[in-house]
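So the structure is just underneath, and the comments pick up after that.
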Amino acid sequence: MKLLFVSFLILITDQLTKFYVKGFYLPVFNLDHSGLPQSRSITVIDRLFYITPVENPGIAFGINLGADFKMLLSVFTIIATIGLFLYFMKIRKEDFVFRLSVAIILGGAAGNLIDRIFYGYIYGYASILSGNVVDFLDLRIFNFFLINRTFNVYVFNVADIAITIGVITLLYALSKKRKVVGRAEISGAEIT
């Protein structure tokens, strides 16, 4: 259960950075931040890293499958995030690195899920379950060509970073587990 705190920290960091990018108004504290200008890059490291606020209505790499798909994508994301949480609860006795990787993925998934469910409604451009994911970290490392399209600008967010790190860590934990199981099978075969 302590690892859920990691998920929570990722979720909070993701949402705070997105609120800073999108803007917010808190009348109780008389705080009003208009956000950063959409699609205008702020240079952090020239020709490498920028802050470029954009909204992603679709899935990874800005792939947009249309408005009809959006509601289905939100429902799928809700189900997947709930499933991931239930899986996390089930693996309490697993290796720490394995559980940590799932907790990291869960925090990232929840961060993007909040965007999809609520941001359209909060910011007044769509209904519940029809929001766009807010991306703003703009990394320009290399170009690649896929399905008749050139990809050269990768704009992502804290949740995306968490999901990527979580998946890489999960693959590491699984490969480590496979080696341990393989050694145990070899040792068992030598005994007989």
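Applying a threshold of 20 Å to the alpha-carbon distances of Lys90/Lys179; Lys18/Lys90; Lys2/Lys93; Lys2/Lys90 flags Lys90/Lys179; Lys18/Lys90 as lying beyond it. Positive contributions from Lys and Arg (+1) and negative ones from Asp and Glu (-1), summed over other residues with Cβ under 13 Å from the Cβ of Ala110, come out at -1. Against the set (1) 17.4, 54; (2) 19.9, 75; (3) 16.1, 48, the structure's computed Rg and Dmax of the Cα atoms in Å falls on (2).
Think of the chain as a dipole: +1 on every Lys or Arg Cβ, -1 on every Asp or Glu Cβ, centred on the Cα centre; then among Ser39, Thr77, Phe5, Phe5 lies furthest on the positive end. The separation of the stretch 17-86 from the stretch 88-151, counted between C-alpha centres, amounts to 9 Å.
Accessible surface of the stretch 19-85, 1.4 Å probe: 68 percent of it comes from carbon and sulfur atoms. Of all the options Phe145, Phe156, Phe85, the one that moves most in a Gaussian network model of the chain with Cα springs shorter than 10 angstrom is Phe145.
Against the main long axis of the alpha-carbon atoms of the chain, helix 4-22 sits at an angle near 20°. Each of Met71, Met1 has its accessible area taken with a 1.4 Å probe; listed largest first, they run Met1, Met71.
Accessible surface ranking for Arg99, Arg47, Arg40, Arg140, 1.4 angstrom probe, highest first: Arg47, Arg40, Arg140, Arg99. Remark: the chain carries 63 Å² of accessible area per residue (probe radius 1.4 Å; ligands, DNA and RNA excluded). For the chain, averaging the sequence separation of C-alpha pairs within contact (under 8 Å, six or more residues apart) and dividing by the residue count gives a relative contact order of 25 percent.
The values are calculated or read from the model by the stated rules, or taken from the named source; none is laboratory data. On a predicted model such as this, the values are computed, not experimentally measured, just so you know. All Cβ positions, even for glycine, are placed from backbone atoms using ideal geometry, and neighbour counts span all protein chains on display. The accessibility values were calculated without ligands, DNA or RNA, using every heavy atom of the protein model including side chains. Shrake-Rupley method; radii C 1.70, N 1.55, O 1.52, S 1.80 Å.
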